[in-house]
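This report refers to the structure that appears directly beneath it.
The values are calculated or read from the model by the stated rules, or taken from the named source; none is laboratory data. On a predicted model such as this, the values are computed, not experimentally measured, just so you know. Cβ: placed from backbone, ideal geometry, glycine included. Neighbour counts: every protein chain shown. When the accessible area is computed, the model is the full protein with side chains, heavy atoms only, and any ligands, DNA or RNA have been set aside. Shrake-Rupley method; radii C 1.70, N 1.55, O 1.52, S 1.80 Å.
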Amino acid sequence: MRAQAAAVSRERYEGKGAGGRFYGGDTLLLMDELLRRYAGEVKLIYMDPPFLTGEQFAMRARAGAADWKAGKGSLVLPAFSDDMEPDAYYAMMRRVLEGCHSLLREDGMLFLHCDFRASARLRLIMDDIFGEKNLLNEIVWVYHTGGMARRYFSRKHDTILFYRKAGKYDFNIDAVLCPPTEPKQNHMRRHVDPDGRVYRSIRSGGRVYTYYDDDPVPPTDVWDDVSHLQQRDPQRTGYDTQKPLALLTRIVRCASREGELVFDPFAGSGTTLEAAAREGRRFLGVDMCPLVPNILRRRLEGAPWELLREAEMAEDACTVEVRRGVGFYHVALADIPMPWEMLDNWALGYLRGEELRVDTQALRTKKAPELPRELELPVYDGEIGLRLCDVRGKTYYYKLPYEKN
C-alpha cells in the first residue's frame, strides 16, 4: 500500500504526569504566541542561551544499530550557530528576557546560565528589566573538565544569574538539601548523643546552638558538587552544550512545586523539560534545532506532551503493509524514503486535521538498538497516521488509506 503524504503540525503523546508542550521554532518569533497563551502563568524559567562564543555547535547523532550499541554517534550534524554580532546578540537577549518577565507569575523566578563572555552585560540587562534589588544570587557552577590553559588561569566555571520577579517569591531551599561535607575544624565543642550521632554546640547570646555532623545542608552560591557530563556519561544525547540532569533538578526543585509551569526558551538537549517532567511539573520548551524532537521523544517517553511546529508535506514515497487482527492493525514498513540505518524512530497513531495522536512508537536506544519493522495499532475510529523520523531531524508524515470494514 502506498501511503499518502499528510500535513501535520502537532503531535500529541499520552502518558502519566503533569505534561507539557514543545514548540519547534525561533523563540523571538513565537514570543507573541507564548505571551497570548502563558502570560503570568510560568513559575520558573531556566535558560541556557548562546554564550557569544563565535562557534558552531553540533550534535553527534547515532545512526543505526551499530552506533547505538557502541554508545556514540558517527554523524556530526549542525545543532546551532553561536556567531551573532554582539549588538544583535544583546538585542535578542533583551527581547527574550522582556518576554520572559511578562510570562512569569508574580512569585516566579528566572535562572540565566552564561559565562565570562556575556555575564556582565547580561546582568545589566537583567537589572534593567527585573530591577537590581531582585537579583538573588550570582551562582558559580564549578566543573573540572576541559584542558589546562597556559596563557591565563583555566576557565572552570559558569555563572547562573538568579532573579525573582517581585518581592514575594516562592523559594524552597529545603527541597535541595545536600549530604553534609566533612566537618571543618572550628571552636565549637564536639559531642556524641546517646544514639551515637556526632554533634557540635556553641553558646551565643545566652542560647546554646547545636549542629549535627550528619544533617543535610543547603547549597551555597558555589555549586561544586554537580559534575559536568563526561563524554561517556549515559545521559549524553550527543548535543553540544548539554547540561547535567542533576543541575536542572536542583533548580526545578528549589524554584517550583508540583503542577507548576517550568519554561526553557532555549531547550536544546531537553534537560530542563526532562527534569520538570520527573519532578511532576508542567513544562514548556522552545528550540529551532530540528534535531531536538528526536531527543525529546526519548527523554519524555511516558510523559503526556505535545510537539508543535510548522506543517510540512513529505515529498518522498512510502509504502506499507497493513493487516487487521483482533483489536489491532498490524502495520509493517516496506519501502521508506531513507536507508533503514538512517531511520531514527517511527510511530503510528490517528490523524485529526493537522494533529497526529501518537499511540505507539519505536525508538532506537542503547538497550534496544534495532528498530522493529512492524508495529501494532489499537483499532479506533479515525484515519491512521504514520510518522517517520531520520537521524538528521527530518520528519515525514503520512496517512494510510486503509479500508477499515
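Observations on the model:
- Length gained on full extension, Arg121 to Arg200, computed as 0.36 nm times the residue gap minus the Cα-Cα distance: 24.0 nm.
- Choice from Leu30, Leu110, Leu97 showing the highest fluctuation, given a GNM over the chain with Cα pairs closer than 10 Å: Leu30
- Percent RCO, i.e. relative contact order, over segment 137-245, from Cα pairs under 8 Å lying at least 6 residues apart: 28
- Most fluctuating residue given options Arg190, Arg151, Arg257, as computed from a GNM of the chain linking Cα atoms under 10 Å: Arg151
- Span from the segment 286-307 Cα centroid across to the segment 213-260 one, whole angstrom: 20
- Straight-line cross-link partners of Lys366 among the lysines, defined as a Cα under 16 Å from its Cα and at least 8 positions apart when in the same chain: Lys69, Lys72.
- Counting only DSSP H runs of at least 4 residues, each contributing -39500 (n - 2.57), and dividing by the residue count of the chain, the helix-based mean residue ellipticity at 222 nm comes to -5500 deg cm²/dmol.
- With both labels modelled 7 Å from their Cα along Cα-to-Cβ, the Thr319 to Ala65 distance reads 2.4 nm.
- Across all Cα atoms of the chain, the radius of gyration (one decimal) and Dmax (whole number) stand at 24.5, 86 Å.
- Only Cα pairs under 8 Å and 6+ residues apart enter the sum, and on that basis the relative contact order of the chain stands at 26 percent.
- Averaged over residues, the count of other Cβ atoms within 10 Å places the peptides 286-296, 363-373 in the sequence 286-296, 363-373, highest first.
- Restricting segment 200-238 to trypsin sites (Lys or Arg not before Pro) in coil, as DSSP defines it, with at most 15 other Cβ within 10 Å: Arg232
- Added length on full extension, which subtracts the Cα-Cα distance from 0.36 nm per residue, Arg278 to Glu310: 8.7 nm
- Solvent-accessible area per residue for the chain (1.4 angstrom probe, square angstrom): 50
- Surface composition of the chain: carbon and sulfur atoms hold 48% of the protein heavy-atom accessible area at a 1.4 Å probe.
- Over segment 253-366 - Rg/Rh using Cα atoms and the Kirkwood inverse-distance radius: 1.01
- Val192 versus Arg151: modelled label distance in nm, points set 7 Å from Cα along the beta carbon direction: 5.8
- Counted by Cβ distance under 12 Å from Arg117, the other residues give a net charge of -2, where Lys and Arg count +1 and Asp and Glu count -1.
- Model label sites at Ala5 and Ala39, defined 7 Å from Cα along the beta-carbon direction, differ in position by 3.9 nm.
- Charge context of Leu135, other residues only, Cβ under 15 angstrom, K/R +1, D/E -1: 0
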